1. In the stretch 92-110, which residues are among the β-branched types (V, I, T) and either modelled with pLDDT under 85 or not in a loop (DSSP other than H, G, I, E, B) (or both)?
2. Looking at this structure, is G132 modelled with pLDDT under 90 and either over 26 Å from I7 (Cα atoms) or crowded, with 22+ Cβ neighbours inside 10 Å (or both)?
3. Pick out, from the stretch 177-254, the strands (runs of 3 or more DSSP E) lying fully within it that include 1 or more residues that are among the β-branched types (V, I, T) and in contact with a Ser or Thr (Cβ under 7 Å, 6 or more places away or on another chain).
4. In the stretch 203-237, what count of residues is obtained for those that are in contact (Cβ under 8 Å) with a residue 24 or more places away in the chain, surrounded by 20 or more Cβ atoms within 10 Å (Cβ to Cβ) and under 18 Å from the mean Cα position of the chain (by Cα)?
5. Which condition does E200 not pass, out of (1) surrounded by 17 or more Cβ atoms within 10 Å (Cβ to Cβ); (2) acidic (D, E); (3) over 23 Å from V158 (Cα atoms), if it passes all the others?
6. How many of the residues making up the stretch 35-91 are outside any loop (DSSP other than H, G, I, E, B), among the β-branched types (V, I, T), more than 14 Å from the chain's Cα centre (by Cα) and modelled with pLDDT of 90 or more?
7. Name the pairs: first residue in the stretch 1-23 and more than 23 Å from D206 (Cα to Cα), second residue polar (S, T, N, Q) and surrounded by 10 or more Cβ atoms within 10 Å (Cβ to Cβ), Cβ to Cβ under 6 Å, at least 6 apart or on different chains?
8. Before we move on, is A2 of a type outside the set (S, T, Y), surrounded by fewer than 17 Cβ atoms within 10 Å (Cβ to Cβ), in a loop (DSSP other than H, G, I, E, B) and under 15 Å from the mean Cα position of the chain (by Cα)?
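The values are calculated or read from the model by the stated rules, or taken from the named source; none is laboratory data. It should be emphasised that the depicted structure is a prediction, and the values quoted were computed from it without experimental measurement. As a convention, Cβ positions derive from the backbone with ideal geometry for all residues, glycine included, and neighbour counts pool all protein chains shown.
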Amino acid sequence: MAGSLTIRGLAKAYRAGDGSETQVLGGIDLDVPAGSIVSVVGLNGSGKTTLLRILAGLEAPTRGVIAIDGRPPALGGPRGIGLVCQDVALLPWRTVRGNIALGLEVRHVPAATRLALVREYEDAFGLADSSGRYPRELSGGMRQKAAIARTLIADPGVVLMDEPFSALDCQTRNRMQAFLLDIWARRRDTIVLVTHNIEEAVLVSDRIAVITPKPSRVEAVLPVDLPRPRTRTDAGVNALRARIIDTLRHLCRQ
């Protein structure tokens with residue numbers, strides 16, 4: 001069941017050997033409503049991946065609060081945080097089925113229950129015919145589908161996605177964006193998507209958070225009040241895309 005994500009005053013500083021500090025996040029405040037897709041965009045080096053790593057529990061913040069439905073999150077499992085990376089990190093010695101089942105095995109879900117659930121996800125993600133194949137035998141899009149299925153099968157409260165489609169060619173990326181929206185429409189997961197692709201953010205999101213250069217803060221949260229499905233030629237899509245580009249240009253000049 002999807003949860004709402006609350007971020008308050010999230011800051012991160014790195015200390016060098018000489019005692020100097022680099023402040024990457026300067027105090028991020030962001031609300032992600034349950035069942036929504038919120039994209040985070042910003043200039044290169046603005047700390048977007050650092051933000052996601054902290055949300056995923058892979059790094060500790062210097063200060064700040066993160067909560068799912070008012071409670072501290074945990075990595076993986078129900079009500080926790082799920083993470084989909086640019087590098088899909090499928091285990092090369094496991095088949096598609098074995099990779100999807102990994103989190104359930106770690107949680108000691110009984111074998112019969114696990115198999116039934118994995119088969120359900122294979123069908124939903126169009127992976128049934130590839131269940132016995134290994135990652136090296138899959139296309140980039142199929143590998144990313146398997147990685148997303150592996151994350152969602154654990155039923156996390158919030159799903160984090162760090163540039164999940166950036167390594168794909170343009171046509172495959174377009175298909176994966178449509179696939180993501182199809183899965184989201186059926187499940188209504190809470191998704192935080194970090195992307196450099198502004199068009200992608202406009203096409204898939206309910207809200208777009210624009211962050212400043214480091215030390216990063218949220219400059220603006222823009223609602224995407226456009227009906228779905230959206231196309232790249234929609235006037236509203238192009239207008240919002242231009243607004244985000246103008247905001248980023250303004251931040252460059254500061």
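1. First, the residues of the stretch 92-110 that are among the β-branched types (V, I, T): 95-96, 100, 106, 109.
Answer for the stretch 92-110, where residues must be among the β-branched types (V, I, T) and either modelled with pLDDT under 85 or not in a loop (DSSP other than H, G, I, E, B) (or both): V96, I100, V106.
2. No; evaluated as a whole, the condition is false for this residue.
3. Numbers: elements: 191-194, 207-211, 218-223.
It comes to 191-194, 207-211.
4. 7
5. Only one criterion in (1) surrounded by 17 or more Cβ atoms within 10 Å (Cβ to Cβ); (2) acidic (D, E); (3) over 23 Å from V158 (Cα atoms) is unmet by E200, namely (3).
6. 2
7. From residues that are more than 23 Å from D206 (Cα to Cα), the pairs are A11/T62; K12/T50; K12/T62; A13/Q23; A13/T62; Y14/T22.
8. No, not satisfied.
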